[in-house]
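First the structure, in the form of structure tokens, and then the observations on it.
The values are calculated or read from the model by the stated rules, or taken from the named source; none is laboratory data. Computed from a predicted model, the values in this text were never measured in an experiment. Note that we place each Cβ from the backbone using ideal geometry, even for glycine, and neighbour counts take in every protein chain shown. Side chains are part of the model used for accessible areas, which takes the heavy atoms of the whole protein and leaves out ligands, DNA and RNA. Shrake-Rupley method; radii C 1.70, N 1.55, O 1.52, S 1.80 Å.
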Amino acid sequence: MITISRSSPGGACALSMICAARQETSEVMAKAVENTVALLIPIQFMDELMKEHKTWYYFVLETYRNRYEELLTLVDNIAFKSMDQRLEFYLKQQHEKLHTRELNITHQEIANDLSTSREVISRLLKKMEQRGKLSEVFHKL
């Protein structure tokens, strides 16, 4: 399993909207990692909302744009960055998103998110700690 997207409060799943518009079932699994309240909009209202409410139309377009940028970043990271660079980027993202220096996430969860093994993450985190890179990552932000 690979994590390819995360949604934030006020966000939406672009793939769900595309599947709904085409009346298809998504093959993607979603997992809530925090207590979540989800607003589900019946498919029969989707076209009407798009036509009659510009704010909804722009929200949908912005959701697609954000998703595309996320995918470009993911491909760039996988294709052109080493695992230690990807780990550092991941930790910075988590720090910025959660606004805390303390991340309550296991090495295995990080490994799952980065599509690698727990052992690789543990080894890289230990190296980062020894080099003072962990405090650098969280000190800069």
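At a glance:
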quantity	calculated
FRET efficiency estimate (nearest 0.05) - Cβ-Cβ, E52 to D84, R0 35 angstrom	0.10
Per residue accessible area of the chain, 1.4 Å probe, in Å²	76
Accessible surface of the chain, 1.4 Å probe, proportion on carbon and sulfur as whole %	55
Loop-resident sites, the range 22-115, for GluC sites (Glu not before Pro), counting at most 10 other Cβ within 10 Å (DSSP)	E24, E27, E34, E102
All Cα pairs of the chain, percent lying beyond 26 Å	36
Loop sites in the range 2-88: chymotrypsin sites (Phe, Trp or Tyr not before Pro), DSSP, at most 14 other Cβ within 10 Å	none
Charge dipole (debye, nearest 20) of the chain; +1 at Cβ of Lys and Arg, -1 at Cβ of Asp and Glu	520
Subset of K31/K81; K81/K133; K81/K127; K51/K92 violating a 29 Å alpha-carbon distance limit	K51/K92
DSSP-loop trypsin sites (Lys or Arg not before Pro) across the range 64-141, with at most 16 other Cβ within 10 angstrom	K81, R101, R131
Viscosity 0.692 mPa s, 37 °C: Kirkwood-radius Stokes-Einstein D of the range 24-104 over Cα pairs, µm²/s	203
Listed residues S117, I43, M17: farthest to the positive end of the dipole of the range 1-126 (Cβ charges)	S117
